[in-house]
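The values are calculated or read from the model by the stated rules, or taken from the named source; none is laboratory data. It should be emphasised that the depicted structure is a prediction, and the values quoted were computed from it without experimental measurement. So basically every Cβ, Gly included, is an ideal-geometry build from the backbone, and we count neighbours across all protein chains shown.
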Amino acid sequence: MYKTIIFDLDDTLTDDFQNTKNAFRIIMNYRKQKFTEEDFLRFHEIDVTTWRDRAAGKIVTPYEDDKIKKTEWLRASRFIKFFGEDNISYQEAVELNNVYMEGMKEKVVSRPGAFEIIKYLAEQNYRLAIATNGPRIPLQTKIEKLGITPYINTIFSAEEVGFMKPQKKFYEGLITKIGISSKSEILFVGDDLEKDIKGGIENGLDTCWCNYNNDVNNKYECKYEIKSLYELKNILKGREKSINREEEFSL
């Protein structure tokens, strides 16, 4: 029986696309440049590609032995790619990232059912954790704005270990922080097939894929698949009934 439910945050409990759009609008105002949808979509692609390639081990930073400098370099690199090396210095990119991180706190858009399912699970005595590749600076604020702070037992960011999902050291650090020795007691819930589902499976966890976009390309054998967070309630209730039924037959 599951005792701990781990949730990814960005795009699982939040609509991160809208959140990042608002933050991008803020940095364009900061630079006194006009915001356009075209520019945002180009930046968004750079942002997504940067973190996807980093998680896949395709990007090596100049500061691999320094977690703080490594993260700073990665985040600054997105703005250097977007604005161009001739138009922005490294230090300006670092400063711009700080503005962006603060902007990420301003508008947090919840996925439907996020608050309700977290509250319900807490009331059912599940231990709840948030595990994210996302930046530590806006992490706490996002959780607070979702209204779920009182229900979360553990918050874990990739910055704590210097490794991102789906890398093994991320999951090792996560499980150590949660403090549960039996992986069979954990269910990992996330939207990203590579980072959440593949990563969870490779590290011995049952996984639940939040397939919000009705993607047919499920190339990994996740334990469960949902289209809405509300479905998680019935999955867990059904699992508990099944386990109890098995116990009855074994008496």
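Comparison of E37, E64 shows that the only residue that is touching a Lys or Arg at 6+ places or on another chain (Cβ under 7 Å), surrounded by fewer than 14 Cβ atoms within 10 Å (Cβ to Cβ), farther than 30 Å from S182 by Cβ and not aromatic (F, W, Y) is E64. Within the range 205-251, if we keep just the residues that are small (G, A, S) and more than 17 Å from L13 (Cα to Cα), the residue that is modelled with the highest pLDDT turns out to be G238. Of the set (1) loosely packed, with under 15 Cβ neighbours inside 10 Å; (2) within 21 Å of the chain's Cα centre (by Cα), all apply to R75 but (1). Restricting the search to the range 143-168, which residues are over 16 Å from T14 (Cα atoms) and part of a loop (DSSP other than H, G, I, E, B)? Across the range 143-168, the qualifying residues are N153, V161, G162, F163, M164, K165, P166, Q167. Checking each residue in the range 67-93 for being under 20 Å from L41 (Cα atoms) and acidic (D, E) picks out only E85. For the range 83-134, taking the residues that are over 15 Å from the mean Cα position of the chain (by Cα) and of a type in the set (V, I, T), the one that is surrounded by the most Cβ atoms within 10 Å (Cβ to Cβ) is identified as I118. Cβ-Cβ contacts under 7 Å between residues 6 or more apart (or on different chains), taken from a first residue in the range 101-115 that is closer than 23 Å to V189 by Cα and assigned to a loop (DSSP other than H, G, I, E, B) to a second residue that is modelled with pLDDT of 90 or more and of a type in the set (F, W, Y), are listed as G113/Y230. Being β-branched (V, I, T) and modelled with pLDDT of 95 or more is the filter; apply it to the range 18-35 and report the residue that is nearest to V94 (Cα to Cα). Only one residue fits best here, namely I27. Criterion first (in a strand (DSSP E or B) and at pLDDT 90 or above) does A131 satisfy it? Yes, satisfied. Would you confirm whether or not the range 193-208 contains a residue that is among the basic types (K, R) and surrounded by 20 or more Cβ atoms within 10 Å (Cβ to Cβ)? Among the residues of the range 193-208, at least one is among the basic types (K, R) and surrounded by 20 or more Cβ atoms within 10 Å (Cβ to Cβ), which makes the answer yes. When the range 184-233 is filtered for residues that are closer than 22 Å to F163 by Cβ and part of a helix (DSSP H, G or I), the ones remaining, listed by number, are L193, E194, K195, D196, I197, K198, G199, G200, I201, E202.
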